[in-house]
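Step one of this worksheet: look at the structure below.
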Amino acid sequence: MQWYYVAALLTLLTSSQGILTTLSQTNGRYKYDYATVPFLAEIFKLLVSGFFLWREIKSQSSPRMTTEWKAVRLFVVPSIIYLVHNNVQFATLTYVDPSTYQIMGNLKIVTTGILFRLFLKRKLSNLQWLAIILLAVGTTTSQVKGCGEASCDSLFSAPIQGYVLGILSACLSALAGVYTEYLMKKNNDSLYWQNVQLYAFGAMFNCARLHWDDYSGGYEKGPWWQRLLNGYTFTTWMVVLNLGSTGLLVSWLMKFADNIVKVYSTSMAMLLTTVLSVYLFNSQPTVQLFLGIIICMISLHMYFAPVRMLVDLPATSKSVSSTLKEVTVENHE
């Protein structure tokens, strides 16, 4: 399967995440425990990956699986990074408003490119670096509201702790993605075996988080497993399946493409969500949105288009010499 088909599907699924989550609310509130959604999504990914791994094992060609603990334990690290990242997110929101946080979140586009270069030793051309910066500028432009609104005044008025935590959040998000790509490509193990390890630890850490939420809340609502599916509707299950399917597509891209493709997919999904919200939730389109879309489209073209489509290359010496040879032959005759 070509990576751009997977990337396009990831864009569609990611763009529908926010919409489905909004539709799962009742009178603007969640009637279910939203913390259970990531846990069930991890279970879904684990079951799907386990099924396909079982099929591979039953087939004639036995899949490659590294089972030494020193290799398996590395898959704990992404779960720890995401756990720290989630806590940093909450801490950041105590200092900045949601609009500022959303704009600062675009820093992960640039930090992903930097860590992509430093840790994975993947060289990017100057045009590609410029494209990544343009992508961050485009997504930020689409999110900036009119300066006549109150949120614009608070954009640069947050305490310094908020900006430090925002930068840390962007770095952690990029680090988790880059490290996961490193794990997926460090050997030729089966993708499904790698997924089983990744999602097994993910499910355990999400389960631990649910226990901690109950403990910190004094078990006022009872243990989480007794109310696991309380308030779940068809739309809620769609949110779970969407989140789980998105994770499976991301792992495929990490194995067979790279983090930059994932960053572009999720950034385009954010723009698509904003456009769809105009029609579904009667949001007002802004000039900034259209400018952001144009900038992101230019960035997409700059990063993935062949160089010959972006610059006028001079004629090679080989083609020049062959032309001279043909002229000489013609004159000789």
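The values are calculated or read from the model by the stated rules, or taken from the named source; none is laboratory data. Only a predicted model underlies this, so the values are computations on that prediction, with no experimental measurement involved. Counting neighbours? That spans all protein chains shown, and the Cβs are built from the backbone with ideal geometry, glycine included. Keep in mind that these areas ignore ligands, DNA and RNA; they rest on the heavy atoms of the full protein, side chains included. Shrake-Rupley method; radii C 1.70, N 1.55, O 1.52, S 1.80 Å.
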- By how many degrees, between 0 and 90 and to the nearest 10, does the Cα long axis of helix 3-23 differ from the longest principal axis of the chain? 30
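Efficiency by 1/(1 + (r/R0)^6): what FRET value for Gln161 and Ser216, r their Cβ-Cβ distance, R0 = 25 Å, to the nearest 0.05? Mind showing how you got there, number by number?
Details: r = 23 Å, r/R0 = 0.90.
So the FRET efficiency works out to roughly 0.65.
On a 27 Å Cα-Cα criterion, which of the cross-link pairs Lys45/Lys185; Lys31/Lys262; Lys70/Lys108; Lys108/Lys185; Lys121/Lys262; Lys45/Lys70 come out too long?
On the way: Lys45/Lys185 19 Å; Lys31/Lys262 32 Å; Lys70/Lys108 30 Å; Lys108/Lys185 21 Å; Lys121/Lys262 18 Å; Lys45/Lys70 23 Å.
Going by Cα-Cα distance, Lys31/Lys262; Lys70/Lys108 fall outside the 27 Å limit.
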- Karplus (6.51, -1.76, 1.60) ³J(HN,Hα), θ = phi - 60°, over region 87-95, in Hz, Gly and Pro reported as x: 5, 5, 4, 4, 5, 4, 5, 7, 10
- The helix 160-185 Cα axis meets the longest alpha-carbon principal axis of the chain at an angle in degrees, between 0 and 90 and rounded to 10, of 70
- Query: Per residue, how many Å² of accessible area does the chain show with a 1.4 Å probe?
  - Reply: 58
- Identify which of Leu127, Leu198, Leu46 has the largest mean-square fluctuation in a Gaussian network model of the chain, with springs joining Cα atoms closer than 10 Å. Leu127
- Mind checking the angle between helix 234-256 and the chain's longest principal axis? C-alpha axes, 0 to 90 degrees, to the nearest 10. 40
- Give the label of the value calculated from the structure for P(r) over Cα pairs in 20 Å bins from 0, in percent, choosing from (1) 31, 54, 12, 2, 0; (2) 25, 55, 15, 4, 1; (3) 32, 57, 11, 0. (2)
- Item | Excluding exposed DSSP-loop chymotrypsin sites (Phe, Trp or Tyr not before Pro) (at most 16 other C-beta within 10 Å), longest clean stretch of the chain | 35-155
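How far, in nm, would the chain grow between Asn282 and Thr67 when pulled straight, counting 0.36 nm per residue and subtracting the alpha carbon separation? Write down the numbers at each step before the final one.
Values: separation 215, 0.36 × 215 = 77.40 nm, distance 5.22 nm.
Answer, rounded to one decimal: 72.2 nm.
Please report the carbon-and-sulfur percent of the accessible area for the chain; probe 1.4 Å, protein heavy atoms only, DNA, RNA and ligands left out. The partial results should precede the final answer.
Details: 12310 of 19150 Å².
Carbon and sulfur together cover 64 percent of it.
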- Between Met238 and Met204, what length in nm is gained on full extension when 0.36 nm per residue of separation is reduced by their alpha carbon distance? 10.0 nm
- Take the chain, connect every pair of alpha-carbon atoms lying under 10 Å apart with a spring to form a Gaussian network, then pick out the residue of Asn259, Asn126, Asn106 with the largest mean-square fluctuation. Asn126
